[in-house]
Amino acid sequence: MTASDQATAAGPADTADDAFRSVHDRAPAGVWSAPGRVNLIGEHTDYNDGFVLPFALPHRLAAAAAPREDGKLTFATVGSDGRVHTEAPVAVSDLRPGTPDGWSGYPAGVAWVLREAGIGGGAETDGWTVDRGADLVIAGDVPTGAGLSSSAAIECATAMALLGLAGEHDQQAARRAEIARWAQRAENEFVGVPTGSLDQTASMCCVDGHVLFLDCRSGDTEQVPFNATGAGLSVLVIDTQVKHSLGGSEYGDRRAGTEKAARLLGLPALRDVTPDTLDDALDRLPADLVPLVRHIVTENARVLEASRYLRDGRIADIGPVLDASHVSMRDDYRISCPELDLAVDTARTAGALGSRMTGGGFGGSAIALVRENDRHAVEAAVTTAFDTAGYRRPRMFVAVPSAGAGRDR
Ligand code: GLA
């Protein structure tokens, strides 16, 4: 079975298919979807050539698509209210980084990248290329602004759809990694957000029942079995509903700081500092860069440690590693916020084996590794703590490692 054969959730695909028929009065040529992700551990290490350990969520964004012949792209989306929102058509030849902006910049950016990559033109699809245009209708249930990679999901679903229209139906591992790089390029160069490769690679390359160990320097991946349920455990996602945005300056500032540190150390990336050489490296850096470097180096070591535990099936043992990761992000990298800290602290006090914020930070979600028997108590404690603090109630769900991007129909 290839990853693209894996079963994908029917809900978003049905919604996208129905909405396509109502907007365009014809059937789509197909429906493709891609998941959001949680990152179990390894935060802000991706753009430092380091290690990450994400898994795909069951939550997906689906793209129903059909080719056009007039050189235009149309985008529509189904809102959480069930209503279809349609954007004005845009000529493929008019696509420029930043135009269009807003949510349709993500799928438009992917079309821009695939056009440059020269996708399509084969006899099977009558020579269709992105230049001829397409209709896309997008629907799904990946929470937005929650640090769960809704942007990567929309990019990867769009890429799969456009490649499908061009006649590519079975994406093997190497092609999946390439699609992830295209999707990342759309986000970096078209949308203009300087993110790393974590989210798009997770959305494209994760498989059911596994976490993805990714070496962001080599691009090497390893599927590590992760059966928390079988061990009586759950990964509880706590979405604080504090909207995070990576378009602000904070994400770029952290990235610039770590790149500057690598330059000052004369190294290609902070990946090249190890726990053994850390003290020496810190001695050679200005004080403001010290905590940033300490986070990256210790976080890479924690990803390696957690991966070793998971390869041995010792899921519960990653708890303290998750805890240490959160402390490092809160105190050294300074990307947490009071709501995330409250979620993490409360989950731990209520019995979680480990807890940390996940994703870019500055809001978004935390995860807690909990014994299934303790889960309700942890959820209740977090809800009470948020009520008491006067914060908006968080949304919580259990995250089960799910399939990467694929064709639904
Ligand atoms: C966001 C970015 C990723 C990664 C994480 C932090 O999700 O898109 O590239 O940097 O933040 O680990």
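Points to keep in mind about this one:
- Just one of the listed residues (ARG392, ARG348) is touching a helix residue (DSSP H, G or I) at 6+ places or on another chain (Cβ under 9 Å), more than 10 Å from ILE238 (Cβ to Cβ), away from the ligand (no atom under 16 Å from the Cβ) and assigned to a loop (DSSP other than H, G, I, E, B), namely ARG392.
- For PRO58, the conditions (1) closer than 19 Å to ALA366 by Cβ; (2) within 16 Å of the ligand (Cβ to nearest atom); (3) open to solvent by 10 Å² or more (accessible area, probe 1.4 Å) are fulfilled apart from (2).
- Within segment 381-390, not a single residue is among the aromatic types (Phe, Trp, Tyr), in contact with a strand residue (DSSP E or B) (Cβ under 8 Å, 6 or more places away or on another chain) and either surrounded by fewer than 21 Cβ atoms within 10 Å (Cβ to Cβ) or without any contact (Cβ under 8 Å) to a residue 12 or more places away in the chain (or both).
- For segment 351-380, residues that are open to solvent by less than 30 Å² (accessible area, probe 1.4 Å) and more than 16 Å from the ligand (Cβ to nearest atom) total 8.
- Candidates ASP341, ASP317 - the one that is within 24 Å of ASP199 (Cβ to Cβ) and away from the ligand (no atom under 16 Å from the Cβ): ASP341
- Some residue of segment 235-244 being without any contact (Cβ under 8 Å) to a residue 60 or more places away in the chain and open to solvent by less than 60 Å² (accessible area, probe 1.4 Å): no
- Residue match in segment 18-36 (condition: open to solvent by 10 Å² or more (accessible area, probe 1.4 Å), part of a loop (DSSP other than H, G, I, E, B) and modelled with pLDDT under 95): no
- For segment 190-211, the tally of residues that are open to solvent by 40 Å² or more (accessible area, probe 1.4 Å) and closer than 24 Å to ILE296 by Cβ stands at 2.
- Odd one out for GLU69, checked against (1) modelled with pLDDT of 95 or more; (2) in a helix (DSSP H, G or I); (3) open to solvent by 30 Å² or more (accessible area, probe 1.4 Å): (2)
- Residue ID - farthest from PHE51 (Cα to Cα), chosen from residues in segment 180-207 that are more than 12 Å from the ligand (Cβ to nearest atom) and in contact with a helix residue (DSSP H, G or I) (Cβ under 6 Å, 6 or more places away or on another chain): PHE190
- Selection count, segment 212-233, where residues are within 15 Å of the ligand (Cβ to nearest atom) and surrounded by fewer than 19 Cβ atoms within 10 Å (Cβ to Cβ): 3
- Residue check for VAL52: of a type in the set (Val, Ile, Thr), surrounded by 22 or more Cβ atoms within 10 Å (Cβ to Cβ), under 24 Å from the mean Cα position of the chain (by Cα) and within 16 Å of the ligand (Cβ to nearest atom): yes
- Any hit, segment 265-281, residues being within 19 Å of CYS216 (Cα to Cα) and in contact with an Asp or Glu (Cβ under 6 Å, 6 or more places away or on another chain): yes
- Pick from segment 336-345, criterion assigned to a helix (DSSP H, G or I) and of a type outside the set (Asp, Glu), ranking: farthest from ALA380 (Cα to Cα): PRO338
- Hits in segment 301-320 - residues which are open to solvent by 10 Å² or more (accessible area, probe 1.4 Å) and either in contact (Cβ under 8 Å) with a residue 40 or more places away in the chain or on the phi > 0 side of the Ramachandran plot (or both): ARG302, LEU304, ARG311, GLY313, ILE315, ALA316
- Against the test of being within 16 Å of the ligand (Cβ to nearest atom) and closer than 30 Å to THR129 by Cβ, the options GLY71, GLY105, GLY42, GLY30 yield a single qualifying residue, GLY105.
- Total residues in segment 123-169, condition among the charged types (D, E, K, R) and within 16 Å of the ligand (Cβ to nearest atom): 1
The values are calculated or read from the model by the stated rules, or taken from the named source; none is laboratory data. Nothing here was measured: the structure is a model prediction, and the numbers come from that model. Every residue, glycine among them, receives a Cβ derived from its backbone with ideal geometry; neighbour counts consider all protein chains shown. Ligands, DNA and RNA are stripped out before the accessible areas are found, and what is left, the full protein with its side chains, is counted by its heavy atoms. Shrake-Rupley method; radii C 1.70, N 1.55, O 1.52, S 1.80 Å.
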